[in-house]
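The values are calculated or read from the model by the stated rules, or taken from the named source; none is laboratory data. This is a predicted model, so every value here is computed, not measured. Here Cβ is always computed from backbone atoms with ideal geometry, including for glycine, and neighbour counts include all displayed protein chains.
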């Protein structure tokens, strides 16, 4: 049997997986940012007519999936599987969305790396012949995440300058086994390792996640023999302003200079004038930026191939309160234009 694994961690999809549809929804703050015109739908406010922020996030996740399906005139029943995750306890937004659509469901959790984890796993299912159409989605909401992982907004705790702003956003994707007829294909994936260099400050997630991102990026280059210049863009999910610089430095120490074509979704989604301190974060960060901003550029021919690395801090409120350090992970996918 022909091996689909390259080196230690990289997966080569022998039958490149098509991204045939995608959709993005964001909150008002994200809509006011530099990428605002790129998103499919912008919430009027952070409640969007619901009674709680959690209900709003679940509605946003379900709506983004519905939009992605509608663009291809599909229904939820046309999916073989639905993979989704979020930041709330027991990934309830994803679970409740799966309850509503009635599709075979795999709930996944990789913190803010969840979207890329889903794309890697969904591509494995299709490449392996276990299904022909898979839905992937992920979401986050600023207020739900603050209540879950930091301090309730109502408490008025002052944020440190190293803190990032959790994106209110969601992204959904439809994957198919149709490489000859699609504009966008996923050709490779890499599954990351949990890395913990001792950072325990939950108000500095970028510094905690940067080593995991750097480890995955350098391992991909080692596994495949490819170089940074082989990509139009190398982009991490939500390291923000601080983590982005650290990641670039760590990758350089391993012998790879990514400075010319490296960016971060958490840096792109907000304008410095919006005062998010260290940039954006959250499951919805890479999910909305990929669907709203990056994939359209591939369709338009502005980008030919990108290496997206989703980053996640695998802490909980309990582990943070008990003084544990923050284990982090980063998964990656290679996305190419198919024109």
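Points worth noting:
- Restricting attention to region 69-89 and to residues that are at pLDDT 95 or above and assigned to a helix (DSSP H, G or I), the residue that is nearest to residue 130 (Cα to Cα) turns out to be 78.
- With respect to the conditions (1) within 24 Å of residue 291 (Cβ to Cβ); (2) touching a helix residue (DSSP H, G or I) at 6+ places or on another chain (Cβ under 9 Å); (3) in contact (Cβ under 8 Å) with a residue 60 or more places away in the chain, residue 216 lacks only one, and its number is (2).
- Of all residues in region 152-193, those being at pLDDT 80 or above and farther than 30 Å from residue 129 by Cβ number 8.
Let's see how each residue does on (1) under 24 Å from residue 317 (Cα atoms); (2) assigned to a helix (DSSP H, G or I); (3) modelled with pLDDT under 95; (4) not assigned by TED's automatic domain parsing to the domain that holds residue 306:
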| position | (1), (2), (3), (4) |
| --- | --- |
| 197 | yes, no, no, no |
| 201 | yes, no, yes, no |
| 209 | yes, yes, no, no |
| 213 | yes, yes, no, no |
| 217 | no, yes, no, no |
| 221 | no, yes, no, no |
| 246 | no, yes, no, no |
| 252 | no, yes, no, no |
| 257 | no, no, no, no |
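- Screening residue 55 with (1) more than 20 Å from the chain's Cα centre (by Cα); (2) in contact (Cβ under 8 Å) with a residue 24 or more places away in the chain gives one miss only, at (2).
- Residue within region 52-68 that is closer than 23 Å to residue 127 by Cβ, modelled with pLDDT of 95 or more and assigned to a loop (DSSP other than H, G, I, E, B) present: no
- Condition check for residue 266: touching a helix residue (DSSP H, G or I) at 6+ places or on another chain (Cβ under 9 Å), assigned to a helix (DSSP H, G or I) and closer than 22 Å to residue 110 by Cα: yes
- Just one of (1) touching a strand residue (DSSP E or B) at 6+ places or on another chain (Cβ under 6 Å); (2) farther than 24 Å from residue 46 by Cα fails for residue 325. It is (1).
- Candidates 291, 273, 320, 278 - the one that is surrounded by 24 or more Cβ atoms within 10 Å (Cβ to Cβ) and either in the same structural domain as residue 145 (by TED's automatic domain parsing) or not in a loop (DSSP other than H, G, I, E, B) (or both): 291
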